[in-house]
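Okay, structure first, notes after.
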Amino acid sequence: MVEIAGDRGYVACRQEENMPGNYPEKIKGLPLYDGRFDAYKLSAEGCDVLFASYPAGTTIPPHSHDTDNHGVITKGELILTMNGESQVIGVGGWYHVPANVEHSAEFRTETDEIEFWFKAGT
């Protein structure tokens, strides 16, 4: 594992050769996202698409960002806290985090998800 300082001051740990997660080889050929978690990044006009993997025990502290985020859990579960309320999103469940809304995340089990980060105005 290699510790990488990502954007917004967070630190992500990433395996040098293969990131965890059950993704097709075509997805594994995408560039790695440089941020606070492991993900393959597919860029699209007005939206970044991330194929993210979180080891069990991962927590992401309260933060906000300028993108309107939607995601679907493909393995494991996400505990999303937003506006003082926590919800558990399991496999097949979708979530939405509006831009500029403070939220946090917890992954008690190994979790994979596909995230869509829509830029303002799209």
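The values are calculated or read from the model by the stated rules, or taken from the named source; none is laboratory data. Since this is a predicted model, take the numbers as computed values, not measurements. Virtual Cβ from ideal backbone geometry, glycine too; neighbours counted across all protein chains shown.
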Of the residues in the range 54-91, those that are in a strand (DSSP E or B), of a type in the set (G, A, S) and modelled with pLDDT of 95 or more number 2
For the range 58-86, give me each residue that is within 15 Å of E110 (Cα to Cα) and not aliphatic (A, V, I, L, M).
T58, T59, T74, K75, G76, E77
When the residues of the range 78-111 are filtered to those that are surrounded by fewer than 18 Cβ atoms within 10 Å (Cβ to Cβ) and in contact with a Gly (Cβ under 6 Å, 6 or more places away or on another chain), which remaining residue is nearest to G21 (Cα to Cα)?
E110
